[in-house]
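See below for the structure under consideration.
The values are calculated or read from the model by the stated rules, or taken from the named source; none is laboratory data. Note that the structure is predicted; figures quoted are calculated from it, not measured. Quick reminder, even Gly has a Cβ in these numbers, built from the backbone with ideal geometry, and neighbours come from all protein chains shown. Keep in mind that these areas ignore ligands, DNA and RNA; they rest on the heavy atoms of the full protein, side chains included. Shrake-Rupley method; radii C 1.70, N 1.55, O 1.52, S 1.80 Å.
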Amino acid sequence: MSVDQFKQFAAYNKWANARLYAAALDLPELSYRLHIGVFFGGLHGTLNHLLLTDRLWLKRLTGEGDHPNRLDAILYEDRMELARARIAEDERLITVIENTMKQR
């Protein structure tokens with residue numbers, strides 16, 4: 001795989017997360033927080049888990065960043081804070097890839 005492909009994947013990841021979060025933030029609070037029997041409870045738990053796993057992998061790849069030791073941890077209780085953290089993590093991923101390109 002080329003670095004350009006990784007850049008494309010990171011850009012797609014950012015785009016997909018933006019669409020996902022736009023839909024999630026548009027939901028009424030009750031629907032957003034509804035526990036529906038999935039592993040992480042519902043949408044809020046799942047979105048927290050996805051952010052957590054991205055942080056976990058970036059920590060493994062770069063040696064930088066923090067993440068909890070539990071995969072079901074709630075990083076952000078407030079969904080707007082979660083959305084801002086998601087945006088920052090997507091930018092971090094893009095930066096990691098760009099910095100990797102510069103080092104080659």
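Structural remarks
- Of the criteria (1) touching a Gly at 6+ places or on another chain (Cβ under 7 Å); (2) at pLDDT below 90, which one residue 55 fails: (2)
- In segment 42-65, the residue that is most open to solvent (accessible area, probe 1.4 Å) out of those that are among the small types (Gly, Ala, Ser) and touching a residue at least 24 places away in the same chain (Cβ under 8 Å) is 65.
- Filtered residues of segment 2-35 (kept if open to solvent by less than 80 Å² (accessible area, probe 1.4 Å), of a type in the set (A, V, I, L, M) and part of a helix (DSSP H, G or I)): 3, 10, 11, 16, 18, 20, 22, 23, 24, 25
- Summed over segment 66-87, the residues that are assigned to a helix (DSSP H, G or I) and open to solvent by less than 60 Å² (accessible area, probe 1.4 Å) give a count of 5.
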